[in-house]
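Engineer: There's a structure below that I have some questions on.
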Amino acid sequence: MYPMLGDLTDATASLAQVCRQLATWHQRAVDGIDYDGEDADGDGATGTVLAAHALDDAAGKLTEAIYAIERAHSATSTIRWVTTTE
């Protein structure tokens with residue numbers, strides 16, 4: 001159980017990092033260089049901004065999840081689990 005929670009923390013941290021990296025890419029994307037405008041559903045300027053904001057939001061929520069998993073990880077370290085063999 002304890003190692004699995006450590007792995008879950010690491011995986012969640014990786015997801016948060018990827019979200020931050022993608023948010024940064026979207027923030028820095030330049031119309032005409034990195035992308036060619038927006039389709040008829042966009043207003044021409046906010047797709048990258050909205051995507052960056054949503055990805056930043058996801059990264060923040062994943063970071064909150066990391067803290068919760070770390071608390072569980074810490075609490076689990078005090079439990080003496082019974083190992084059964086069948």
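The values are calculated or read from the model by the stated rules, or taken from the named source; none is laboratory data. The model shown is predicted, which means the values in this text are computed figures rather than measured ones. Glycine gets a Cβ as well: all are built from the backbone with ideal geometry, and neighbour counts include every protein chain shown.
Engineer: Answer with yes or no whether T12 is farther than 30 Å from E70 by Cα and of a type outside the set (D, E).
Structural biologist: Details: farther than 30 Å from E70 by Cα: no; of a type outside the set (D, E): yes.
In short, no.
Engineer: Quick check, is Q21 part of a helix (DSSP H, G or I) and in contact (Cβ under 8 Å) with a residue 12 or more places away in the chain?
Structural biologist: No.
Engineer: Also, quick follow-up: I need every pair where a residue in region 1-13 that is of a type in the set (V, I, T) and modelled with pLDDT of 95 or more has its Cβ under 8 Å from the Cβ of a residue that is surrounded by 13 or more Cβ atoms within 10 Å (Cβ to Cβ) and assigned to a helix (DSSP H, G or I), sequence separation at least 6 or different chains.
Structural biologist: T9/I66; T9/I69; T9/E70; T9/H73; T12/L62; T12/A65; T12/I66; T12/I69
Engineer: Report the residue count in region 27-63 for those that are within 30 Å of D7 (Cβ to Cβ) and exposed (fewer than 10 other Cβ atoms within 10 Å of the Cβ).
Structural biologist: Residues meeting the conditions: 0.
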